[in-house]
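Peer 1: Dumping the structure here so I can ask a few things about it.
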Amino acid sequence: MSKEVLINRVSGETRVAVLDNNLLEQIVIERDAQQSLVGNIYKAKVIRVIPGMQVAFLDIGDKRSAILHIDNLHLAKKNTEIESFLSSGQNLLVQVVKDPIKDKGAVLTTDVSIPSHSLVYRQSRKKLAISRQIKDVSERDRLAELFELAASSAVAPEGFSGHFILRSVAEGLSEQQLLFDMQLLHHLWNDLSEKRMEKSPVLLHTAPPIYQRLITDSINKDPLKITVDCPEIYQALNQLSQHYASNIAVELSQDYQQKDLFDRNHIEPQINEALEQKVALDCGGTLVIEETEALSVIDVNSASYLGDTDDQKAYLKVNLEAVDTAVKQICLRNLSGIIIIDFIDMADAASEVKVLRRLKEAFARDQAQPTILDFTALGLVQIARKRTGRSLSQTLCAPSNKIGTKGVIKSDETLVFEILRQLSKKAVSSSAKALEIHASPAVIEQLQKKYSVQIKQYESIAECSVKLYPQHITHCDEFNIIST
């Protein structure tokens, strides 16, 4: 198995690392206090309609008003004015398609969809659709026939308009499995409908966690090994994998004894490297990656590369290697929106064609489906990549206001979780009778106010006292744990 997934859980934070041949390919971090809203369904209230922008602001219960554009109002026809559909105080069923970022609220749609393992219910659909990724005609016919049999056995709940989409993972599934998923979606819709009686804004449906999607996305795909260090997550995944045992090749294992799952697989250094601006290439060149609020820029430099006496051949070689590394970093860092790559200038148009072809091939497996434009006159390549959540830097870092430091540093919350993970490891490996934690005043304050219960649990398990010491240290994104 070349693909492997490691799931690490510490109080308040779940981390999912996807490895390809032991190298970090993707890292997803979900914090209980900052969970993604994408996929959540709300009964929302319209706060304000702005005809000039063809948008409305809605209250979904978040501190920032969510945004609904006319294009995401599925009942609106072309050239329809938004004010003819919406008015202040109106209640509306909506779903989040993009998470809030900084001061910007979540982006909404009225075209509600709820996925199960093999089906997706979509409110705007009028008839059954089958994923285009299922190419075999006989299999498409078989699935359509099975769906009709399953639909005749299931009773749709009241108000269940719209229709289903058979996902690519439905290939090879039985009638019983399709019926199970259909009944599951009916049940979810019933729960949602009951909650709609409550006063808006109210959360009606929560999207499944990332670790659950790992199982469903593995149906009919290559073998996958998943290692978990949390009993509750392991139990949930085990139940789900048993249900689809005939259609998935997942090797699920648990690792509770040692709390250094990421350390033993060298994940922590790779996460830290993905926060650095400079990335080294094997050929001696470098990438400089800068993420701003408006766009992300990747600058390709030849640096110390001296492999060819012919400059143009050298530039092409560096650019081709830069493509592979840049795409890996874009996916790993979850960069989105407008991305500009400034390649080393190449005089030959044929070389630019080779670089563009390599870039499209490298992005072929990217689920965000980026749009790649041709080289500009200035030798730049522009990429538009769909935003699926916050970037790694936005999740783990905060702006640095200190003179002489880099643009971002690890946030106080990130440091708190690093400290909690260190304590978890020490609970099974250290014989110390007392520990001192030295960190910035802001980090110590969070530990005292939010995580005192976890610290007391550690003291009980390890039979070790923990003392917290606020300290004005040179680098506020650092901390020290001292055994005494």
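Read-outs: derived from the displayed coordinates by stated rules, not from any lab. Being a predicted model, the structure only gives us computed values, none of them experimental. In this analysis, Cβ positions are derived from the backbone assuming ideal geometry, glycine residues included, and neighbour counts consider all displayed protein chains.
Peer 1: Residues with amide H under 5 Å of Ile409's amide H, sequence separation 5 or more or different chain, H placed in the peptide plane at 1.01 Å from N; which?
Peer 2: Ala398, Ser400
Peer 1: I've got another one for you. Residue by residue through segment 40-54, which ³J(HN,Hα) values in whole Hz follow from phi under the Karplus form 6.51 cos²θ - 1.76 cosθ + 1.60 (θ = phi - 60°), with glycine and proline marked x?
Peer 2: Coupling constants for segment 40-54: 5, 10, 10, 8, 10, 10, 6, 8, 7, 10, 10, x, x, 9, 6 Hz.
Peer 1: For Lys426, give me every one of the lysines with a C-alpha distance below 30 angstrom, ignoring sequence neighbours fewer than eight places off in its own chain.
Peer 2: The qualifying lysines are Lys3, Lys225, Lys259, Lys410, Lys449, Lys450, Lys456, Lys467.
Peer 1: A further question on this structure: Could you compute the net charge surrounding Asp111? Neighbours are other residues with a C-beta less than 10 Å from the C-beta of Asp111; K and R count +1, D and E count -1.
Peer 2: Within the 10 Å Cβ shell, the charges total +2.
Peer 1: How much mean residue ellipticity at 222 nm does the chain get from its helices, if each DSSP H run of length 4 or more adds -39500 (n - 2.57) and you divide by all residues, to the nearest 500 deg cm²/dmol?
Peer 2: Calculated from helices alone, the mean residue ellipticity at 222 nm is -9500 deg cm²/dmol.
Peer 1: Roughly how many whole Å is it from the C-alpha centroid of segment 448-469 to that of segment 45-107?
Peer 2: Each part's Cα centre sits 45 Å from the other's.
Peer 1: Can you tell me which of 370-377, 200-207 comes out highest on packing, and rank the rest after it, using the mean Cβ neighbours within 10 Å?
Peer 2: Those peptides, ordered most packed to least, come out 200-207, 370-377.
Peer 1: Along segment 85-97, what does the Karplus equation 6.51 cos²θ - 1.76 cosθ + 1.60 (θ = phi - 60°) give for ³J(HN,Hα), rounded to whole Hz, x for Gly and Pro?
Peer 2: Values, residue by residue: 10, 10, 8, 4, x, 6, 8, 8, 8, 9, 9, 7, 10 Hz.
Peer 1: Once both labels are modelled 7 Å past Cα along the beta-carbon direction, what's the Ser87-Ala364 spacing in nm?
Peer 2: 5.5 nm
Peer 1: Mean separation of Cα pairs under 8 Å and 6+ residues apart, divided by the residue count of the chain: what relative contact order is that in percent?
Peer 2: For the chain, the relative contact order is 11 percent.
Peer 1: Under the Karplus relation 6.51 cos²θ - 1.76 cosθ + 1.60, θ = phi - 60°, what is the ordered set of whole-Hz ³J(HN,Hα) values for segment 455-464, x standing for Gly and Pro?
Peer 2: So the Karplus estimates, Gly and Pro as x, are 5, 5, 4, 4, 4, 6, 5, 8, 6, 9 Hz.
Peer 1: Okay, moving on. With point charges of +1 on the Cβ of Lys and Arg and -1 on the Cβ of Asp and Glu, referenced to the Cα centre of segment 16-80, which listed residue (Gln26, Val16, Phe57) lies farthest in the positive direction of the dipole?
Peer 2: Of Gln26, Val16, Phe57, it is Phe57.
Peer 1: Counting only other residues whose beta carbon sits under 14 Å from that of Val327, what net charge do I get with K and R as +1, D and E as -1?
Peer 2: +1
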